[in-house]
Amino acid sequence: MARTQHRPTNRRQRRRTAAKSALLPYDVLRKIGESFLETSDLDYYYNFRAAAPHWRRATCKPTADGTDTRFMPRDWILLTRDDDGFVTFVNVSTGRFLRKRLPCLRDYFFVGAATGSGFLVVGERAWPYQTRVINPFTGTMVEFRAPIPLKRVDAVVVTFSPMMVFISDENERYVQWADENSESFREREICPRWPLCCVSMTLFAGEVHVTTGHGVIASSRTEAAAGTEEEGGGARVVDQQQQRSAQTVRMDTILGPTLVEGHSYDNYYLVESEGELLLVHGQFYAGPVVYKVDVLNKVLVPVRSIGGRALFLSDSQCFSIDASKFHTVEAGTIYYASPAWLRAYDYESLEERDSGPVLDLATDFTLKCCGRPFTFPELLTSYFTAFPELTELEMKVYDGEYYYDYGDEADQDDE
């Protein structure tokens, strides 16, 4: 008589898995975990730690408040977002695409995705609409006291130590910023001489750098406080660095306008590329021109080649990618994108390349049926066209559901 074979229980399977996982030494496990952190694959790191208790003991545990810089995203940009909470990211350094669902997004007003990192800035749906910063790869959320600005958001940057949110307004010349303890966003007018100038903003070397539609470049810095220092039996007044916070941060002009000979329709972009800060002059009647920004000496150095990188530009956004990580993306090329077309320039020769038309993926029904877009350049252009001009809070106000005057508590109390 044949003996009945019983399948092992889940408990026995877990014991066997735990025994096998314990065979790997701690130093090997730590190197595996560090490799995920180096490429900013934070979801891989979390899954790796969750696989076995032995692996969790060998690797660092993320902090609950989400302030550990090792577990903050880098080089991710948000491509698409839908009403069901599904988001699509791409890492511009590794070429990895990630689509995941974030149900928490349905509970907040969406403000924007941080340039160069992947943080999502949102606001509470109930007054006073306080700001929140979500790490979509770890699930942690940092709560701010300041309400989200009721303005058209053009760019968002999140800095660390301490965490601060910087926001530039579309078709305005202001930059606003706040930290976790700020009661409201501070504001700095970057370019008072020219109204309605586009503001491009990026994070470089731990500081926020901003340029306007006329090539003015400003940078954040911490104010110095006067102190005393003993010298030769006496005391002298010296400048001492203050603790960094929204109250001690200033936006000071460091360059410009140095390129005033351009056309009124020209755009200027700041972008971090391979450890350098670049200023891209998008000329209306000619090809683009790229400069390296020497922040220390406060000069612009012309760039003859962008090497193996590719730059993507729109009316107000810009990012740099490693062309070797993306098929059909040509190295040394600058792409101009709009909802209707995509134009490519070989930067070294400034010859225009025929990249073909790019149709509006948000409105053309036939593209949804045939699975467009077909190339990575076409897909990456959705970064510029996937989001509306108004923030969700601003759309709610303009739709007439209720009236909200930013910072006006009296009106809310009357309601």
TODO: Express the carbon and sulfur contribution to the solvent-accessible surface of region 65-219 as a percent, rounded to the nearest whole number, probe 1.4 angstrom.
DONE: 45 percent
Task: Accessible area per residue in Å² at 1.4 Å probe, computed on region 23-67 - done: 60 Å²
Task: Surrounding net charge for residue 293, when Lys and Arg each add one and Asp and Glu each subtract one, Cβ distance under 13 Å - done: -2
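The values are calculated or read from the model by the stated rules, or taken from the named source; none is laboratory data. Nothing here was measured: the structure is a model prediction, and the numbers come from that model. Because the Cβ atoms are built from the backbone with ideal geometry, glycine has one as well, and the counts that use them run over all protein chains shown. What goes into the accessible areas is simple: the full protein's heavy atoms, side chains included, and nothing from ligands, DNA or RNA. Shrake-Rupley method; radii C 1.70, N 1.55, O 1.52, S 1.80 Å.
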